[in-house]
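Colleague: I'd like to ask some things about the structure below.
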Amino acid sequence: QVQLVESGGGLVQPGGSLRLSCAASGSIFSFNAVGWHRQATGKERELVAVIPRSGITNYADSVKGRFTISRDVAKNTVYLQMNSLKPEDTGVYYCGGRRIASNAEVWGQGTLVTVSS
């Protein structure tokens, strides 16, 4: 079973930047797509950005122009570069994807991002 492990969260001031990493224990191409989701306290989990096998990225309207999802195939890692952070970006960020072979969803444990002065 391929696992996903997030890292890179922390406390940052409004306007600051963070880069999150999602390391897969196997090939990221074993997923049809890998996405970053976030969940704020008291809210539902929402999709922030996704990168499918094709490499054509897609973003939530709230983060377009500020966040960039990318991948390093050799390292089996997907990144989320977050710039111009706002307090409303605060939440637990999860990476996840659906395995092609088993159709099973796989999620990481999450990493907390707090944007506050």
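Colleague: For segment 11-25, name all the residues that are of a type outside the set (D, E, K, R) and under 14 Å from the mean Cα position of the chain (by Cα).
Modeller: Residues satisfying the conditions are L18, L20, S21, C22, A23, A24.
Here's the yes/no breakdown for (1) in contact with a Cys (Cβ under 6 Å, 6 or more places away or on another chain); (2) closer than 23 Å to N32 by Cβ; (3) of a type outside the set (A, V, I, L, M, F, W, C):
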{"position": "S54", "(1), (2), (3)": "no, yes, yes"}
{"position": "V63", "(1), (2), (3)": "no, yes, no"}
{"position": "F67", "(1), (2), (3)": "no, yes, no"}
{"position": "A74", "(1), (2), (3)": "no, yes, no"}
{"position": "Y79", "(1), (2), (3)": "no, yes, yes"}
{"position": "T90", "(1), (2), (3)": "no, no, yes"}
{"position": "Y94", "(1), (2), (3)": "no, yes, yes"}
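Colleague: Taking G15 as meeting all but one of (1) touching a Ser or Thr at 6+ places or on another chain (Cβ under 7 Å); (2) surrounded by 14 or more Cβ atoms within 10 Å (Cβ to Cβ); (3) not polar (S, T, N, Q), write down the number of the exception.
Modeller: (2)
Colleague: For E105, work out the one condition from (1) farther than 23 Å from Q3 by Cβ; (2) surrounded by fewer than 20 Cβ atoms within 10 Å (Cβ to Cβ) it doesn't fulfil.
Modeller: Status for E105: all satisfied but (1).
Colleague: Right, next: May I ask you to list the residues in segment 74-102 that are open to solvent by less than 50 Å² (accessible area, probe 1.4 Å), within 20 Å of V2 (Cβ to Cβ) and not in a strand (DSSP E or B)?
Modeller: Residues of segment 74-102 open to solvent by less than 50 Å² (accessible area, probe 1.4 Å): 76-80, 82, 85, 89-97, 99.
From the residues that got through so far, the ones that are within 20 Å of V2 (Cβ to Cβ) too are 76-80, 93-97, 99.
Once the filter is applied, which keeps residues that are open to solvent by less than 50 Å² (accessible area, probe 1.4 Å), within 20 Å of V2 (Cβ to Cβ) and not in a strand (DSSP E or B), segment 74-102 yields only N76.
Results for (1) among the polar types (S, T, N, Q); (2) under 14 Å from the mean Cα position of the chain (by Cα); (3) on the phi > 0 side of the Ramachandran plot, shown as yes or no for each residue.
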{"residue": "L47", "(1), (2), (3)": "no, yes, no"}
{"residue": "T57", "(1), (2), (3)": "yes, yes, no"}
{"residue": "G65", "(1), (2), (3)": "no, no, yes"}
{"residue": "Y79", "(1), (2), (3)": "no, yes, no"}
{"residue": "C95", "(1), (2), (3)": "no, yes, no"}
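Colleague: Kindly indicate whether R53 is over 14 Å from the mean Cα position of the chain (by Cα), more than 21 Å from V113 (Cβ to Cβ) and open to solvent by less than 60 Å² (accessible area, probe 1.4 Å).
Modeller: No: the conditions fail for R53.
Colleague: Now a separate question. Here are some conditions: (1) surrounded by 15 or more Cβ atoms within 10 Å (Cβ to Cβ); (2) closer than 19 Å to Q109 by Cα; (3) within 11 Å of the chain's Cα centre (by Cα). S7 meets all but one. Which one does it not meet?
Modeller: Of everything listed in (1) surrounded by 15 or more Cβ atoms within 10 Å (Cβ to Cβ); (2) closer than 19 Å to Q109 by Cα; (3) within 11 Å of the chain's Cα centre (by Cα), S7 misses just condition (1).
Colleague: When you look at A60, is it touching a Phe, Trp or Tyr at 6+ places or on another chain (Cβ under 6 Å) and of a type in the set (A, V, I, L, M), yes or no?
Modeller: no
The values are calculated or read from the model by the stated rules, or taken from the named source; none is laboratory data. Because the structure is predicted, anything quoted here is derived from the model rather than measured. Using ideal geometry, Cβ is built from the backbone for each residue, glycine included, and neighbour counts are taken over all protein chains shown. Note: accessible area is taken over every heavy atom of the protein model, side chains too, but ligands, DNA and RNA are not part of it. Shrake-Rupley method; radii C 1.70, N 1.55, O 1.52, S 1.80 Å.
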